[in-house]
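Step one of this worksheet: look at the structure below.
Bear in mind that the values in this text are calculations on the coordinates, not laboratory data. All values reported here derive from a predicted model rather than from experimental measurement. Note that we place each Cβ from the backbone using ideal geometry, even for glycine, and neighbour counts take in every protein chain shown.
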Number of protein chains: 2
Amino acid sequence: MKKNKVISPFKPAAHKHQECLQAAIKAAKTHCEDMGLRLTPLRQRVLELVWQNHEPVKAYDVLDELKQGHSSSAPPTVYRALDFLQDQGLVHKIESLNAYVGCGNPKELHSGQFFICHDCGSVAELDDADISGLIQKKANRFGFKIDNEMVEIKGHCQECLESGI
Amino acid sequence: MKKNKVISPFKPAAHKHQECLQAAIKAAKTHCEDMGLRLTPLRQRVLELVWQNHEPVKAYDVLDELKQGHSSSAPPTVYRALDFLQDQGLVHKIESLNAYVGCGNPKELHSGQFFICHDCGSVAELDDADISGLIQKKANRFGFKIDNEMVEIKGHCQECLESGI
DNA sequence: ATAGTTAATGTTACATTATAACATAACATA
DNA sequence: TATGTTATGTTATAATGTAACATTAACTAT
């Protein structure tokens with residue numbers, strides 16, 4: 001098992017997003033089956049909507065799109081589905097944006113470290129054991145027991161820097 | 001200059017909060033004078049309210065208290081003051097809580113790393129160059145230029161663990 | 001001193017994000 | 001099929017945050 005992974009790079013080079021999305025849905029299905037949980041059509045649809053691109057998506061934007069095919073949707077519809085997906089590690093919430101991104105790595109529950117480009121809006125997720133480990137070490141020094149870590153880094157991705165926006 | 005500081009420890013042992021608050025206000029005054037900025041009575045009052053304890057405070061709670069002596073207060077009153085104080089590094093926003101904490105270290109603009117106890121609600125701020133440096137190093141690997149880092153760690157502080165809540 | 005300028009605050013209205021509470025429907029299984 | 005559990009529907013409202021414009025206070029340069 002690699003310890004430090006780039007879960008999701010910036011603007012994955014020349015990737016066919018349809019396949020990317022399919023893979024995520026498939027991983028989610030497998031994960032839920034393994035866990036004895038139900039990836040209902042509603043939950044799957046919300047997951048697909050979050051996965052439409054590699055940018056964080058707002059709950060109410062998901063809601064608007066969800067309504068197109070599912071007129072009974074209301075805020076709780078979306079928030080419940082997002083809660084479920086978050087609990088399973090299938091999406092992460094970006095706290096500093098009040099927005100959600102898909103995660104293709106539901107296997108091990110993790111928090112992840114997010115790098116958010118101000119220019120293009122896209123997000124890269126790392127799951128870096130060095131960062132987690134260092135934070136853990138620092139916490140140990142004053143007897144703090146970690147439940148959950150949130151690391152969100154804002155700045156400019158290489159591609160945007162190079163294109164000189 | 002020390003590189004790794006505990007800006008604000010958990011439940012500062014046997015501290016007289018009145019003095020703690022006074023020191024923060026004084027530091028704020030000095031900082032604003034140095035910068036040629038106005039720590040108006042309103043801004044100072046908001047800073048005092050945020051500093052009432054070492055826990056994150058909600059904007060609307062500040063508003064409620066502010067209204068007691070300043071009946072014309074409305075949401076923009078508080079958010080403007082908080083924006084000013086954040087810009088000056090006098091308070092930090094804890095994004096994962098939508099809440100604000102005072103910072104006694106306005107000198108150097110910094111992001112800080114926050115350790116938040118689920119049990120007692122208090123927050124410790126580190127300004128740890130090792131953590132920042134490591135994040136910086138990881139970012140460099142994929143050409144990401146950091147503007148701002150947010151590190152918010154949730155868990156249980158030593159005191160609460162020991163008291164076995 | 002005072003007119004012009006900028007910064008700060010007042011005020012109203014509204015936008016965005018999220019949850020409570022209870023009703024109904026779908027599913028699981030004895 | 002009766003029964004409990006999980007998921008969804010529905011209404012209402014809470015919590016968080018901002019836009020836009022009016023007014024007041026403070027600063028600046030004559």
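General remarks:
- For the residue pairs A:K26/A:K145; A:K29/B:K145; A:K58/B:K145, the C-alpha atoms sit more than 30 angstrom apart in A:K26/A:K145; A:K29/B:K145.
- Cβ-vector label at 7 Å, B:Q22, separations to other copies in nm: 7.1
- On full extension, the segment bounded by A:E108 and A:D34 gains 25.4 nm, given 0.36 nm per residue less the C-alpha separation.
- Dimensionless Rg over Rh [the range B:86-126; C-alpha; Kirkwood]: 0.96
- Taking a sphere under 14 Å around the Cβ of A:Q68 and counting the other residues whose Cβ falls inside, with K and R at +1 and D and E at -1, yields a net charge of -2.
- Mean Cα-pair separation over length for chain A, i.e. relative contact order, pairs under 8 Å, 6 or more apart, %: 27
- From helices alone, the protein assembly as shown scores -13500 deg cm²/dmol at 222 nm; the rule is -39500 (n - 2.57) for each run of n ≥ 4 DSSP H residues, then divide by the residue total.
- Ascending count of other beta-carbon atoms within 10 Å, so fewest first, for A:H54, B:H92, A:H118, A:H110: A:H118, A:H110, A:H54, B:H92
- Evaluated at q = 0.08, 0.10, 0.19 Å⁻¹: base-10 log I(q)/I(0), Debye formula over Cα of chain A: -0.26, -0.40, -1.29
- With Cα atoms as the point set, the radius of gyration and Dmax of the protein assembly as shown evaluate to 21.5, 62 Å.
- Looking at the range A:59-138, the GluC sites (Glu not before Pro) that sit in a DSSP loop and have at most 13 other Cβ atoms within 10 Å of their own Cβ are A:E108.
- When B:R38, A:R141 are sorted by how many other C-beta atoms sit within 10 angstrom of their C-beta, beginning with the fewest, the order is A:R141, B:R38.
- Panel order for B:C20, A:C103, by other beta carbons found within 10 Å of each beta carbon, from fewest to most: B:C20, A:C103.
- Here B:K137 yields copy-to-copy label distances, from shortest upward, of 0.9 nm, the label point defined as 7 Å from Cα along Cα to C-beta.
- Distances between equivalent label points of A:Y60 across the copies, with each point positioned 7 Å along Cα→Cβ, amount to 1.5 nm, shortest listed first.
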